[in-house]
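Q: The structure follows.
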Amino acid sequence: MSGDPEVLIVGAGPAGLTAATYLARFRRRILVADGGSPRARWIPVSHNMPGFPKGITGDAILERMTDQAREYGAVIEAGRVESLMRDGDGFIARINGREVRVRAVLLATGVVDQHPDMPGVERAIERSLVRICPICDGYEAIDKAVAVIGEDDKGLREAAFLRTYSDRVTLIHIGSPEALIETDDLERLGIELIRAPIDNVRLEGDRVTALSWGGVFRTFDLVYSALGTTPNAALAEGLDARTGDDGRLFVDARQQTSIDGLYAAGDVVRGLNQIAVASAEAAVAATAIHNALREADGWTMG
C-alpha cells in the first residue's frame with residue numbers, strides 16, 4: 001500500500017517480521033527497520049520450532065518470514081533507528097539520515113548475548129558446539145558431557161536445568177567467588193564445580209575437545225554459555241518507558257509499554273526467549289495496534 005508508514009517496527013527478527021505480516025494483512029502501511037544480524041541467525045538448526053520436526057536453520061526461518069511479510073506489502077529497510085521522539089499522538093524516528101513520523105511503534109529489538117571470552121566462539125556457536133539456549137536444544141545434550149560457563153547463580157541454575165538430560169554436567173564458574181551463592185544443591189544434583197577462568201580452548205571435528213584452566217585440560221561434547229544478555233531497550237528508555245532490574249521492558253496484556261502507542265515484543269520484553277513466544281507476543285501487539293488505530297479513526301462500534 002502506498003503512502004507514508006503508519007507503524008514503525010524496529011527489528012527484523014521473528015517478532016518484528018511476525019508483526020509486519022499481521023499489520024500488512026490488516027492493510028496498514030508498515031516500515032520495518034532491519035538493524036541486521038537478528039539473534040535467530042545464531043541458530044544452526046532448531047528442532048523445537050513448531051511445524052518443522054526435521055529441524056530448520058535460523059537463516060531459513062528468517063528468510064521465510066521476510067518473504068511472507070513482503071508478500072503482503074511490508075517495507076523492510078536496512079538501517080538502525082538512531083533516535084525516537086514523541087510527537088503529539090505519534091512518534092518521530094530518525095533512520096538512515098531522515099525523519100519518519102508514525103502513529104505507533106513496535107520495538108522488536110531483542111537482546112545481545114554475552115559470549116564467553118573464547119577463541120573462535122562465533123564459529124563454535126555456528127557449529128552447535130557452544131550453545132546459548134538450553135530450553136531450545138537441551139534435548140540434544142542427552143547423555144553427553146556438558147560444561148556450563150557462568151559467572152553467577154544463573155550458571156548454577158542452567159547447570160541444574162541441564163541435569164534433566166545428562167548426568168555429566170560441569171559448572172565452570174569464571175566470576176568472583178562471592179557471586180556464586182546457591183551452591184547447597186550441587187552435590188545432591190551431581191554437578192561438578194570448577195572455579196577458574198578459561199585460558200585455552202580446542203575445537204576438533206564435532207567436539208569441544210578441551211577447555212583448560214591453569215594448564216589442566218578437560219574434554220566436553222557441548223558447552224553452554226550462561227553469561228546472560230543485554231536488552232536493546234535504549235530507544236524505549238529514551239522515552240522513559242518502564243523497565244525491570246534486568247533492563248527488559250514491562251508491557252501490559254496487549255504488549256503496550258508504559259508509553260501510549262509504544263509496543264514491544266520478543267526478547268526485549270520480560271519473559272521467555274523463544275521464537276514461538278516472540279511470534280505470539282508480536283501477533284498480540286500487532287492486533288492491538290490495529291485496533292487502537294481503528295478506534296482513533298472512529299471505525300469501531302460505539
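All of the numbers you see were taken from the coordinates with simple rules; none came from a lab. These numbers were taken from a predicted model, which means no experiment stands behind them. Cβ placement follows ideal geometry from the backbone for every residue including glycine, while neighbour counts extend to all protein chains displayed.
Q: Compute a Gaussian network model of the chain, connecting alpha carbons closer than 10 Å, and tell me which residue from Gly110, Gly238, Gly88 fluctuates the most.
A: Checking each option, the largest mean-square fluctuation is seen for Gly88.
Q: Additional query: Pick from Gln256, Gln274, Gln114: which is most flexible by mean-square fluctuation in a GNM of the chain where alpha carbon atoms under 10 Å apart are linked?
A: Looking only at Gln256, Gln274, Gln114, the largest GNM fluctuation is found for Gln114.
Q: Something else about it: What distance in nm separates the two pseudo spin-label positions at Gln114 and Glu182, each 7 Å out from Cα along the beta-carbon direction?
A: Each label point lies 7 Å from its Cα, and together they span 1.6 nm.
Q: May I have the pair-distance distribution P(r) for the chain, computed from all Cα-Cα distances with 20 Å bins from 0 and rounded to whole percent?
A: 32, 50, 18, 1
Q: A follow-up question, please. Calculate one ³J(HN,Hα) per residue across the range 263-277 by plugging θ = phi - 60° into the Karplus curve 6.51 cos²θ - 1.76 cosθ + 1.60, and present them in order as whole Hz with x for glycine and proline.
A: Ordered by residue, 3J(HN,Hα) equals 10, 8, 8, x, 5, 6, 8, 4, x, 8, 7, 9, 4, 4, 5 Hz.
Q: Now, a different point. Give the order of Ser83, Ser166, Ser225 when sorted by the count of other beta carbons within 10 angstrom, beginning with the fewest.
A: Ser83, Ser166, Ser225
Q: Can you show me the helix-derived [θ] at 222 nm for the chain, built from DSSP H runs with n ≥ 4 at -39,500 (n - 2.57) apiece and divided by the number of residues, rounded to the nearest 500. The partial results should precede the final answer.
A: Details: 8 runs with 76 residues, N = 302.
Taken over the chain, the calculation gives -7500 deg cm²/dmol.
Q: Plugging the Kirkwood radius over Cα pairs into Stokes-Einstein for the range 1-112, at a temperature of 37 °C and a viscosity of 0.692 mPa s, what D comes out in µm²/s?
A: 226
Q: Once R0 is set to 45 Å, what does the formula 1/(1 + (r/R0)^6) return for the Cβ-Cβ distance between Asp143 and Ala253, expressed as a FRET efficiency to the nearest 0.05?
A: Efficiency, rounded to the nearest 0.05: 0.60.
Q: While we're here: Most fluctuating residue of Gly271, Gly214, Gly36 in a GNM of the chain with Cα springs under 10 Å: which is it?
A: Most flexible of the set in this elastic network: Gly214.
Q: Suppose each label sits 7 Å from its Cα in the direction of the beta carbon; what would the Glu82-Glu63 distance come out to in nanometres?
A: The modelled label-to-label distance comes out at 3.3 nm.
Q: Right, next: Give me the one-decimal Kirkwood hydrodynamic radius in Å for the range 143-302, with the sum taken over alpha-carbon pairs.
A: 18.7 Å is the Kirkwood radius here.
Q: Of all alpha-carbon pairs in the range 144-205, indicate the percentage at a distance above 14 angstrom.
A: 53
Q: With label points built 7 Å along Cα→Cβ from the Cα atoms of Phe52 and Thr219, find their separation and express it in nm.
A: 3.2
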